[in-house]
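Here, each number is a calculation from the coordinates, and none is a lab measurement. These numbers were taken from a predicted model, which means no experiment stands behind them. Ideal geometry is used to build each Cβ from the backbone, glycine not excepted, and the neighbour counts take in all protein chains shown.
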Amino acid sequence: MIDIIISNTSDKPIYQQLFEQISSQIIKGELKGNVGLPPIRTAAKELRISIITVKKAWEDLERHGFIYTIVGKGCFVAELSDEELINKRNEMISSNMERDIKYYKEIGLSREEMIALVNKQF
C-alpha cells in the first residue's frame, strides 16, 4: 500500500486528501512511473473508507495526468519527465495560491501583509 494518512478532522474531503498525497508523492519522485496503485477495493478496505471515495480520487488523478488505467489490469503511475513533473507541481501551486489569495483579498489583506505573512511562515 502507498503511504497515505487520512484525517477525519481535516476540512478537506477524503478524496482530496488522497489526491493531494498521491500526486505529491508522484511529483517528489517517491512513486515512480508505471508502478501500480492498489485496486480501488483494496485501498478502500485498508484505509477504511468508501470505495466511491477512492474511485473519485483515482479518477481525479487520471484526469490530471498523474495515473493511467489499463482495463482489467488496474491503475498505474504515469511516466512523466522531470519537466512534466515541474509543470504539474507549478499548476497545482498556482491553482491553490489563486484560491487562497482571492480569500485573503476578500478579508482585506494587502499584498505587503500577505508577503509578510508568507515570509513569517517560512
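Condition check ((1) in contact (Cβ under 8 Å) with a residue 24 or more places away in the chain; (2) touching a Cys at 6+ places or on another chain (Cβ under 6 Å); (3) surrounded by 11 or more Cβ atoms within 10 Å (Cβ to Cβ)) across all residues:
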position: Gly33; (1), (2), (3): yes, no, yes
position: Pro39; (1), (2), (3): yes, no, yes
position: Leu61; (1), (2), (3): yes, no, yes
position: Gly72; (1), (2), (3): no, no, no
position: Asn96; (1), (2), (3): no, no, yes
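Looking at the stretch 49-74 only, could you name the residues that are part of a loop (DSSP other than H, G, I, E, B) and either more than 13 Å from Leu18 (Cβ to Cβ) or in contact with a Pro (Cβ under 7 Å, 6 or more places away or on another chain) (or both)? Break it down into steps so the answer makes sense when it comes.
Within the stretch 49-74, the subset part of a loop (DSSP other than H, G, I, E, B) is 49-50, 64-66, 71-73.
Selection gives Gly65, Val71, Gly72, Lys73.
Filter the stretch 18-43 for residues that are assigned to a helix (DSSP H, G or I), closer than 14 Å to Met92 by Cα and of a type outside the set (Phe, Trp, Tyr) and give the result.
Step one: list which residues in the stretch 18-43 are assigned to a helix (DSSP H, G or I), which gives 18-27, 40-43.
Those still in the list that are closer than 14 Å to Met92 by Cα too: 19-27.
Listed by number, the residues that qualify are Glu20, Gln21, Ile22, Ser23, Ser24, Gln25, Ile26, Ile27.
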